[in-house]
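Undergrad: Below are the structure tokens for one structure; questions will follow.
The values are calculated or read from the model by the stated rules, or taken from the named source; none is laboratory data. These figures come from a predicted structure and were not determined experimentally. Ideal geometry is used to build each Cβ from the backbone, glycine not excepted, and the neighbour counts take in all protein chains shown. To get the accessible areas, we keep the full protein, side chains included, count just its heavy atoms, and leave off ligands, DNA and RNA. Shrake-Rupley method; radii C 1.70, N 1.55, O 1.52, S 1.80 Å.
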Amino acid sequence: MAALRHDRASFIADNPCLFLVGEPVLQQPRTAQKTLTNVSSPALRKLETLSPDTPNPEPVISIVGLVVAAIRKRQPVFPEMITVGRTANNDVVIPDATVSKFHAYFRTTESNGLELVDASSRNGTKVMGRALSPKQAVDVALGTRVRFGSIDLVLRDAGETWDTIRKKG
């Protein structure tokens, strides 16, 4: 596991991005999705360090019971947004039946902040408990709770992510 193999400073240096971190129970989709990554069961998979140019990123899920997903651009499509969904053609992959194929997306703001937009998902997106209207952007910051379908995650920086993984590992 990347956070367990590195000290805090090197993990932060290698991961200059924000993360979504949570402890959800993932639900398998009822039917196979052609673009769904190869997840054989809801059992949690080992956290892997992926380079930004990984063509089809695996879901970044830890064996210690955490979902940890880096918020960074991995796919060449839609360069102005960081897409979130359950299929491998998204930048942030959450392989859960309550997460739409293309669920939401992040964008950076002019002031280098981050905003989140629900992409008219079936089960909705919530920020700090409030449902987002489809296509309406809302600013998010460190510590913000985000819910995609039934998956609750918290926005963390690399240092907080390392601390959380180390506590669980």
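Undergrad: Residues Asp152, Asp139: which one is more than 24 Å from Ala13 (Cα to Cα), in contact (Cβ under 8 Å) with a residue 12 or more places away in the chain, within 12 Å of the chain's Cα centre (by Cα) and open to solvent by 60 Å² or more (accessible area, probe 1.4 Å)?
TA: So the residue among Asp152, Asp139 that is more than 24 Å from Ala13 (Cα to Cα), in contact (Cβ under 8 Å) with a residue 12 or more places away in the chain, within 12 Å of the chain's Cα centre (by Cα) and open to solvent by 60 Å² or more (accessible area, probe 1.4 Å) is Asp152.
Undergrad: Given (1) in a strand (DSSP E or B); (2) open to solvent by less than 60 Å² (accessible area, probe 1.4 Å), identify the lone condition not met by Trp162.
TA: All conditions are met except number (1).
Undergrad: Would you confirm whether any residue within the stretch 118-127 is among the basic types (Lys, Arg) and surrounded by 14 or more Cβ atoms within 10 Å (Cβ to Cβ)? Lay out the reasoning, then the answer.
TA: In the first step, residues of the stretch 118-127 are kept if they are among the basic types (Lys, Arg); the result is 122, 126.
Then keep just the ones that are surrounded by 14 or more Cβ atoms within 10 Å (Cβ to Cβ); that gives 126.
Yes, there is a match, as at least one residue in the stretch 118-127 is among the basic types (Lys, Arg) and surrounded by 14 or more Cβ atoms within 10 Å (Cβ to Cβ).
Undergrad: Within the stretch 77-95, does at least one residue satisfy the condition of being of a type outside the set (Phe, Trp, Tyr), over 14 Å from the mean Cα position of the chain (by Cα) and at pLDDT below 90? Steps first, please.
TA: The initial filter retains those residues of the stretch 77-95 that are of a type outside the set (Phe, Trp, Tyr), namely 77, 79-95.
Then drop every residue that is not over 14 Å from the mean Cα position of the chain (by Cα), which leaves 77, 79-80.
Now narrow it down to the ones that are at pLDDT below 90: 77.
Yes, some residue in the stretch 77-95 is of a type outside the set (Phe, Trp, Tyr), over 14 Å from the mean Cα position of the chain (by Cα) and at pLDDT below 90.
Undergrad: What is the residue count in the stretch 83-107 for residues that are assigned to a strand (DSSP E or B), open to solvent by less than 30 Å² (accessible area, probe 1.4 Å) and in contact with a strand residue (DSSP E or B) (Cβ under 6 Å, 6 or more places away or on another chain)?
TA: Taking the stretch 83-107 and keeping what is assigned to a strand (DSSP E or B), we get 83-85, 92-93, 104-107.
Adding the requirement that they be open to solvent by less than 30 Å² (accessible area, probe 1.4 Å) leaves 83-85, 92-93, 104-106.
Applying the additional criterion that residues be in contact with a strand residue (DSSP E or B) (Cβ under 6 Å, 6 or more places away or on another chain) yields 83-84, 92, 104-106.
Adding up the residues that qualify gives 6.
Undergrad: For Arg74, work out the one condition from (1) within 27 Å of His6 (Cβ to Cβ); (2) within 14 Å of the chain's Cα centre (by Cα); (3) in contact (Cβ under 8 Å) with a residue 40 or more places away in the chain it doesn't fulfil.
TA: Of everything listed in (1) within 27 Å of His6 (Cβ to Cβ); (2) within 14 Å of the chain's Cα centre (by Cα); (3) in contact (Cβ under 8 Å) with a residue 40 or more places away in the chain, Arg74 misses just condition (3).
Undergrad: Further question: Might you check whether a residue that is hydroxyl-bearing (Ser, Thr, Tyr), outside any loop (DSSP other than H, G, I, E, B) and in contact with a Phe, Trp or Tyr (Cβ under 6 Å, 6 or more places away or on another chain) occurs anywhere in the stretch 108-124?
TA: Initial filter on the stretch 108-124 (hydroxyl-bearing (Ser, Thr, Tyr)): 108-109, 111, 120-121.
Of the ones still in play, those that are also outside any loop (DSSP other than H, G, I, E, B) are 108.
Filter again for in contact with a Phe, Trp or Tyr (Cβ under 6 Å, 6 or more places away or on another chain), leaving none.
No, because not a single residue in the stretch 108-124 is hydroxyl-bearing (Ser, Thr, Tyr), outside any loop (DSSP other than H, G, I, E, B) and in contact with a Phe, Trp or Tyr (Cβ under 6 Å, 6 or more places away or on another chain).
Undergrad: Quickly run through the stretch 110-136 and pick out the residues that are over 30 Å from Arg8 (Cβ atoms) and touching an Asp or Glu at 6+ places or on another chain (Cβ under 9 Å).
TA: Within the stretch 110-136, Gly124, Thr125, Lys126, Ala131, Leu132, Ser133, Pro134, Lys135, Gln136 qualify.
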